[in-house]
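For reference, the structure is listed below as structure tokens.
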Amino acid sequence: MGGFSADERLRLQQLRVLRRRWLRDQELSEREPVLPRRQPGPVAAFWERFLQPGGLWRQRVFRAYQAGGFLVAQVLIPAWLVHYYVKYHVMRAPYGVVSSNPAIFPGDRILETGEVIPPLKDESAGHH
């Protein structure tokens, strides 16, 4: 059993020739019509022009993209991390960044205006 018989070799050689001929026929010559030119819509036409290599807008958009990535990765995220660490781990009064005004009670004096807060009206006679 040493390989193919003469008939099998002849058949394989003929198949090889047919495949090569078929592949050669697949190549288009200059005369053969290629697909008709398609007219892209306005959006597709814009993107085809916009994405041309070396275009000015393409360079500007790429630079803006790079600057935005730098801003987020090198400025905003580290600043947020530092802010978080300082706010929740370093400050003496945790959550002390947000402070509220002191409570005002009847009889207190407002410093800026000198006004005295009047006492509350008695509402017990109205209901219950």
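May I ask you to list pairs of residues, at least six apart or on different chains, whose Cβ atoms are under 6 Å apart, with the first in the range 109-123 being outside any loop (DSSP other than H, G, I, E, B) and the second being of a type in the set (Lys, Arg)?
What qualifies is Val116/Arg109.
Out of everything in the range 104-128 that is acidic (Asp, Glu) and loosely packed, with under 10 Cβ neighbours inside 10 Å, what residue ends up being modelled with the highest pLDDT? Walk me through how you get there before you give the answer.
Pass one, the range 104-128, residues acidic (Asp, Glu): 108, 112, 115, 122-123.
Add one more test, that the residue is loosely packed, with under 10 Cβ neighbours inside 10 Å, and what stays is 112, 122-123.
On the way: Glu112: 86, Asp122: 74, Glu123: 70.
My answer is Glu112.
Which members of the range 28-83 meet the condition of being over 25 Å from the mean Cα position of the chain (by Cα) and either surrounded by 10 or more Cβ atoms within 10 Å (Cβ to Cβ) or among the small types (Gly, Ala, Ser) (or both)?
Once the filter is applied, which keeps residues that are over 25 Å from the mean Cα position of the chain (by Cα) and either surrounded by 10 or more Cβ atoms within 10 Å (Cβ to Cβ) or among the small types (Gly, Ala, Ser) (or both), the range 28-83 yields Ser29, Pro40, Gly41.
List the residue pairs whose Cβ atoms are under 7 Å apart, where the first residue sits in the range 45-64 and is without any contact (Cβ under 8 Å) to a residue 12 or more places away in the chain, the second is open to solvent by less than 90 Å² (accessible area, probe 1.4 Å), and the two are 6 or more positions apart or on different chains.
Filtered contacts from the range 45-64: Glu48/Pro40; Trp57/Phe50; Arg58/Phe50.
Could we say that Leu12 is in a helix (DSSP H, G or I) and out of contact with any Asp or Glu (no Cβ under 9 Å at 6 or more places or on another chain) here?
Details: in a helix (DSSP H, G or I): yes; out of contact with any Asp or Glu (no Cβ under 9 Å at 6 or more places or on another chain): yes.
Taking the combined requirement at face value, the residue satisfies it.
For the range 87-103, check the following and say yes or no: at least one residue is closer than 30 Å to Ile117 by Cβ, at pLDDT 80 or above and of a type outside the set (Lys, Arg).
Taking the range 87-103 as the starting set, the residues that turn out to be closer than 30 Å to Ile117 by Cβ are 93, 95-103.
The next check asks that each one be at pLDDT 80 or above; those that pass are 102-103.
Narrowing the set further to residues that are of a type outside the set (Lys, Arg) leaves 102-103.
Checked against the condition, which is being closer than 30 Å to Ile117 by Cβ, at pLDDT 80 or above and of a type outside the set (Lys, Arg), the range 87-103 yields at least one hit.
The values are calculated or read from the model by the stated rules, or taken from the named source; none is laboratory data. From a predicted model like this one, the values you see are computed outputs, not experimental measurements. Cβ atoms come from the backbone with ideal geometry, glycine included; neighbour counts cover every protein chain shown. Note: accessible area is taken over every heavy atom of the protein model, side chains too, but ligands, DNA and RNA are not part of it. Shrake-Rupley method; radii C 1.70, N 1.55, O 1.52, S 1.80 Å.
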